[in-house]
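Accompanying notes for the structure given below.
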């Protein structure tokens, strides 16, 4: 065992920090925030790119359109048959 315990480094927001430590923490937070905002912009651009979404999900879109066409066609035919009676 050591005779003198080491003092832990002051945590962010703790009293007793120097101006240089505070400035360093602010600069680190700003850099982290800038990085997060940049990543968020990239993600938003990916998700809102409708052409890219169409290309990525082409098969599902074609299937959905075909099913919708059959449903609408069936309803129109059903109504036409019902009116004849």
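Key figures
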| quantity | calculated |
| --- | --- |
| Residues of region 34-85 satisfying the condition of being loosely packed, with under 10 Cβ neighbours inside 10 Å and in contact with a helix residue (DSSP H, G or I) (Cβ under 7 Å, 6 or more places away or on another chain) | none |
| Qualifying helices (runs of 4 or more DSSP H) (wholly inside the chain; at least 1 residues being at pLDDT 90 or above and more than 31 Å from the chain's Cα centre (by Cα)) | 19-48, 58-84 |
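The values are calculated or read from the model by the stated rules, or taken from the named source; none is laboratory data. Bear in mind the structure is a predicted one, so any value in this text is a computation, not a measurement. FYI the Cβ positions are ideal-geometry reconstructions off the backbone, even for glycines, and counts take in every protein chain you see.
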